[in-house]
Amino acid sequence: MKADVIIYNIGQLATATGAAAKGGIEQGDIRMLTNAYLAIADEKVLNIGEGEPPQEMLDPYTAQIDAKGGLVTAGLIDSHTHLSFGGWREGELAKKLAGVSYMDILREGGGILSTVRATRDMDEQQMYERAEGFVNEMVAHGTTALEAKSGYGLDLETELKQLRVNRLLQRDTGIDIASTYLGAHAIPLDFISNREGYIRYVIDVVLPTVADLGLAEFCDVFCEQGVFDANETREILSAAKGLGLGVKVHSDEIHQIGGTSVAAQLGAISADHLTATTDEGMIALKNGGVIATLLPCTSFYLNKDYANARKFIEHGVPIALASDFNPGSTPNLNLQFAMQLGCLRLKMTPQEVLTAVTLNAAAAIDKADSLGTLEVGKQADVVVWRTNNLNELCYRYGSNLVDTVIKGGRVLV
Ligand code: NIG
Ligand code: FE
């Protein structure tokens with residue numbers, strides 16, 4: 001078979017292998033080729049190897065991309081983002097600097113609730129265009145697949161608007177976008193004295209509509225002191241599972257209140273944040289086959305503790321790293337920064353970090369059979385970097401090190 005595209009002159013090709021998340025020492029198992037090539041046909045990886053590309057794969061129509069001795073990896077996968085929302089929250093910066101905590105800002109009706117107001121006020125076309133701009137910016141930083149949550153509408157109309165935008169963007173940009181319903185992100189002001197009523201509304205009204213319309217693959221809950229407790233989380237996520245959705249939990253971000261054991265009991269695909277997780281919680285995640293999605297950019301921005309990644313690895317829990325892009329707790333969408341904090345703050349090795357933003361992140365959105373590694377038959381989502389080695393990518397924070405981004409064999413950047 002002839003290649004449609006050939007990437008040649010690759011200094012270092014680094015990739016995880018396989019079609020399932022890897023934890024423990026396997027998290028650092030990376031296949032490294034030097035002086036390599038990668039051939040693409042029909043949007044998929046046709047072949048990779050060292051040395052010169054085999055002549056029989058080339059014909060006059062094969063597009064040739066010179067990697068100029070650079071590093072090549074699979075496209076990055078951002079498995080936890082809050083992609084569409086109205087406004088920013090830079091106005092909270094002064095409060096934050098004066099020492100008011102993230103949760104206190106929310107309790108005062110700011111935080112998530114101020115973004116809810118701005119998101120409800122935004123029409124769908126405006127929301128689409130803004131989120132499209134964010135997707136393009138992510139792609140420019142090496143992200144070729146992502147997860148996007150709702151959770152800034154809370155009412156049916158606005159949640160559906162956010163989820164429709166995810167679907168339209170996947171269709172129009174060709175980027176894989178896993179869509180997650182996060183109605184249980186906060187109690188909206190209209191239900192402030194009727195939390196039971198809001199939970200019924202989520203379970204009886206919004207969830208069935210979302211499932212019926214096929215607008216989400218996953219359902220997520222913000223399980224945190226003063227937001228949703230473990231029982232409420234279990235009730236909502238059990239209902240979602242009953243409707244055929246996969247489940248995720250924002251768990252142990254600030255306080256450890258049981259979200260992680262709910263995630264393990266329900267066989268969640270991932271539990272996310274996990275900065276306050278105990279050994280017991282880690283063991284539960286391992287036994288439940290749950291991926292730990294760690295979000296170091298959030299710890300950075302909130303100036304809070306980082307998750308204990310080394311302990312998760314000791315317990316054999318597969319780690320994914322994601323940006324958590326959102327207007328309140330981390331307004332950064334550059335996944336390279338999560339990789340660099342993964343090394344510098346979480347003490348993960350560059351190899352473990354690469355698995356975390358490719359294979360394990362693919363598994364965290366249930367796409368590890370087609371995405372996340374550079375292996376024959378996988379989708380040809382590839383980044384050529386402006387560095388010749390993985391160590392440099394995990395160290396040179398502050399610059400965008402992308403040279404070329406390829407999605408399904410098509411050059412996007
Ligand atoms: O993952 N923690 C809950 N949700 C988001 C933040 C949302 C916001 O502050 O707007 C997070 O950090
Ligand atoms: Fe989040």
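The values are calculated or read from the model by the stated rules, or taken from the named source; none is laboratory data. What you see is a predicted model, and the numbers here were worked out from it, not measured in a lab. Methodologically, a virtual Cβ is constructed for each residue, glycine included, from the backbone with ideal geometry; neighbour enumeration extends over all protein chains shown.
Values computed for the structure shown
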item: Residues of segment 402-413 classified as touching a helix residue (DSSP H, G or I) at 6+ places or on another chain (Cβ under 8 Å), surrounded by 18 or more Cβ atoms within 10 Å (Cβ to Cβ) and not charged (D, E, K, R), total; result: 2
item: Where Gln162 falls short, out of the listed (1) surrounded by fewer than 23 Cβ atoms within 10 Å (Cβ to Cβ); (2) out of contact with any strand residue (DSSP E or B) (no Cβ under 7 Å at 6 or more places or on another chain); result: (1)
item: When residues of segment 268-306 are limited to those that are among the β-branched types (Val, Ile, Thr) and closer than 17 Å to Ser323 by Cβ, the one farthest from ligand 1 (Cβ to nearest atom); result: Ile291
item: Test set (1) among the basic types (Lys, Arg); (2) touching an Asp or Glu at 6+ places or on another chain (Cβ under 7 Å); (3) not assigned by TED's automatic domain parsing to the domain that holds Pro188 - Lys149 fails condition number; result: (3)
item: Candidate set: segment 150-177, residues that are small (Gly, Ala, Ser) and within 16 Å of ligand 1 (Cβ to nearest atom); chosen: the one farthest from Asp220 (Cα to Cα); result: Gly153
item: Residue among Ile48, Ile77 that is of a type outside the set (Ser, Thr, Tyr), in contact (Cβ under 8 Å) with a residue 40 or more places away in the chain and within 16 Å of ligand 2 (Cβ to nearest atom); result: Ile77
item: Test: Val210 is crowded, with 20+ Cβ neighbours inside 10 Å and touching a residue at least 40 places away in the same chain (Cβ under 8 Å); result: yes
item: Positions within segment 202-235 being touching a strand residue (DSSP E or B) at 6+ places or on another chain (Cβ under 6 Å) and within 16 Å of ligand 2 (Cβ to nearest atom), in sequence order; result: Ala216, Phe218, Cys219, Asp220, Val221, Phe222, Cys223, Phe228, Thr233
item: Candidate set: segment 72-95, residues that are in contact with a Leu (Cβ under 6 Å, 6 or more places away or on another chain) and not acidic (Asp, Glu); chosen: the one nearest to ligand 1 (Cβ to nearest atom); result: Thr81
item: Evaluation of Ile40 against (1) farther than 30 Å from Met138 by Cβ; (2) surrounded by 13 or more Cβ atoms within 10 Å (Cβ to Cβ) (one fails), failing number; result: (1)
item: Qualifying residue in segment 355-378 (condition: of a type outside the set (Ser, Thr, Tyr), more than 16 Å from ligand 1 (Cβ to nearest atom), without any contact (Cβ under 8 Å) to a residue 60 or more places away in the chain and in contact with a Leu (Cβ under 6 Å, 6 or more places away or on another chain)); result: no
item: Hey, Ser399 under 19 Å from Leu146 (Cβ atoms), of a type outside the set (Lys, Arg), surrounded by fewer than 24 Cβ atoms within 10 Å (Cβ to Cβ) and free of Cβ contacts under 8 Å to residues at least 40 places away in the same chain or not; result: no
item: Any hit, segment 28-41, residues being touching a residue at least 40 places away in the same chain (Cβ under 8 Å), assigned by TED's automatic domain parsing to the domain that holds Trp385 and in a helix (DSSP H, G or I); result: yes
item: Options Leu295, Leu245, Leu215: the member that is closer than 26 Å to Gly109 by Cβ and assigned by TED's automatic domain parsing to the domain that holds Val100; result: Leu295
item: Of the criteria (1) within 16 Å of ligand 1 (Cβ to nearest atom); (2) without any contact (Cβ under 8 Å) to a residue 40 or more places away in the chain, which one Lys347 fails; result: (1)
item: Residue list for segment 80-128, filter: among the hydroxyl-bearing types (Ser, Thr, Tyr), within 16 Å of ligand 2 (Cβ to nearest atom) and within 23 Å of Thr143 (Cα to Cα); result: Thr81, Ser84
item: Total residues in segment 215-252, condition at pLDDT below 95 and either within 15 Å of Gly151 (Cβ to Cβ) or in a helix (DSSP H, G or I) (or both); result: 0
item: Which listed residue is in contact (Cβ under 8 Å) with a residue 24 or more places away in the chain, assigned by TED's automatic domain parsing to the domain that holds Gly91, buried (at least 24 other Cβ atoms within 10 Å of the Cβ) and over 29 Å from Val139 (Cα atoms), from Val262, Val317, Val290; result: Val262
item: Any helices (runs of 4 or more DSSP H) falling wholly within segment 260-361 and containing at least 2 residues that are within 16 Å of ligand 2 (Cβ to nearest atom); result: 296-302, 335-344
item: Candidate set from segment 105-118 (those that are modelled with pLDDT under 90 and assigned to a helix (DSSP H, G or I)); member that is nearest to ligand 1 (Cβ to nearest atom); result: Leu106
item: So Asp121, is it farther than 21 Å from Lys149 by Cα, more than 13 Å from ligand 1 (Cβ to nearest atom), modelled with pLDDT of 95 or more and surrounded by fewer than 21 Cβ atoms within 10 Å (Cβ to Cβ); result: no
